[in-house]
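Written below as structure tokens is the structure these notes are about.
The values are calculated or read from the model by the stated rules, or taken from the named source; none is laboratory data. None of the values given here were measured: they were computed from a predicted structure. As a convention, Cβ positions derive from the backbone with ideal geometry for all residues, glycine included, and neighbour counts pool all protein chains shown. Surface areas here come from the heavy atoms of the whole protein model, side chains and all, with no ligands, DNA or RNA. Shrake-Rupley method; radii C 1.70, N 1.55, O 1.52, S 1.80 Å.
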Amino acid sequence: MIRLHVQGDLAPAAPVAPTLDQSRYLTQVMRLKVGDDLLVFNGRHGEWRASVAEVLKKGVILRAEEQVRPQTYGPDLELIVAVVKKARVETIVEKAAELGARRVRLVLTKRTNADRIRLDRLDAIAEEAAEQTGRLDVPVVDDPVKLDAVLDGWEDGRRLMFCDETGGAPAMTALREAGEGPWSILIGPEGGFSPEEGERLRSLPFTTAVSLGPRILRADTAAIAAMTLWQAAVGDWER
């Protein structure tokens, strides 16, 4: 069944107004008509079965019918990734949503050299991936900020999986030893972290430096590999 992420509140008989683009998708691509059912979610009120109540010249009105799943959230995982080329950033955001990240934080490092970022495009990619994967929320994608600013404002109790291309502990072993809880995964730029950045990261008490294997990976591949290892070691894959 079609799944759609919507903004409005969901309750019995509540009207739901998709965006114009979503309305065109429902009527022109999927050919839905009045009375047809679909699933909707907003990241707050779970997943609901809804029906097409009205088809207007410029839009569609849906009606929430019944909740089919209560609101749940995945593990507290965020991906912090240095800005790279546009196509690779888009892949990273899509796969982060598919692999359960709650948030994607884009950072600028000393060796960042990348295209201009369109945050609206990344938000749309995250939303579409959430719809496709069956999750009940959409990961937030943040504007790029400097890596030092992220580290200076680090959240108490959150651990950092630092994917260190110069060497680190085997990822699965290190993660299992560190245990569950709020985590962030840090992926560097294509040129790697500067020596000063690497030294600071390794010195932080909340950092777990890990290796992703003997081969040098591109940023998008590294992000997918790191999230996969994290999910397998301390995430929700075993639950």
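Values computed for the structure shown
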{"item": "Label point 7 Å beyond Cα of R44 along Cβ direction - residues of region 1-31 with amide nitrogen under 13 Å", "result": "6-11"}
{"item": "Accessible surface, per residue, of the chain when the full set of protein chains is kept, probe 1.4 Å, Å²", "result": "51 Å²"}
{"item": "Region 150-201, accessible surface, carbon-and-sulfur percent (1.4 angstrom probe)", "result": "47 percent"}
{"item": "Whole-number percent relative contact order across the chain, with pairs defined as alpha carbons under 8 Å at least 6 apart", "result": "18 percent"}
{"item": "Euclidean distance between Cα centres, region 6-69 to region 165-183, Å", "result": "42 Å"}
{"item": "In nm, spacing of pseudo-spin labels at L56 and V68 (7 Å Cα→C-beta vector)", "result": "2.6 nm"}
{"item": "Whether region 80-163 is rounded, prolate or oblate, judged on the alpha carbon gyration tensor where a/c under 1.5 counts as rounded", "result": "oblate"}
{"item": "For the chain, built as a Gaussian network whose Cα springs stay under 10 Å, the top-fluctuating residue of R31, R200, R102", "result": "R31"}
{"item": "Top of L56, L151, L204 by mean-square fluctuation, Gaussian network on the chain, Cα under 10 Å", "result": "L56"}
{"item": "Computed [θ] at 222 nm, deg cm²/dmol, the chain (DSSP H ≥ 4; -39,500 (n - 2.57); rounded to nearest 500)", "result": "-9000 deg cm²/dmol"}
{"item": "Selected from P214, P170, P75 as most flexible by GNM, with the chain as the system and alpha-carbon contacts under 10 Å", "result": "P214"}
{"item": "Rounded, prolate or oblate (a/c below 1.5 giving rounded, otherwise prolate when a/b exceeds b/c) for region 124-239 by Cα gyration tensor", "result": "rounded"}
{"item": "Residues of type lysines that K86 reaches as a straight line, Cα spacing below 28 Å, ignoring anything fewer than 8 places off in the same chain", "result": "K95, K110, K146"}
{"item": "Under-5 Å amide H pairs with I80, H placed in peptide plane, nonlocal only", "result": "R105, I185, L186, I187"}
{"item": "Viscosity 1.306 mPa s, temperature 10 °C, Stokes-Einstein D of the chain from Kirkwood C-alpha radius, µm²/s", "result": "83 µm²/s"}
{"item": "Total charge dipole magnitude, the chain, about the Cα centre, Cβ charges on Lys, Arg, Asp, Glu only, Debye to nearest 20", "result": "580 debye"}
{"item": "Extension gain from E196 to S211, taking 0.36 nm per residue of separation minus the Cα-Cα distance", "result": "3.5 nm"}
{"item": "Span-like helix ranges in the chain, DSSP H, alpha carbon extent 20 angstrom or more, Kyte mean at least 0.5", "result": "219-234"}
{"item": "Charge tally in the Cβ shell below 14 Å around R200, where Lys, Arg are +1 and Asp, Glu are -1, R200 excluded", "result": "-3"}
{"item": "Under 20 Å from the D9 label point (7 Å along Cα→beta-carbon), backbone N, region 28-62", "result": "40-51, 61-62"}
{"item": "Amide hydrogen neighbours beyond the local backbone of V141, cut-off 5 Å, H modeled", "result": "V104"}
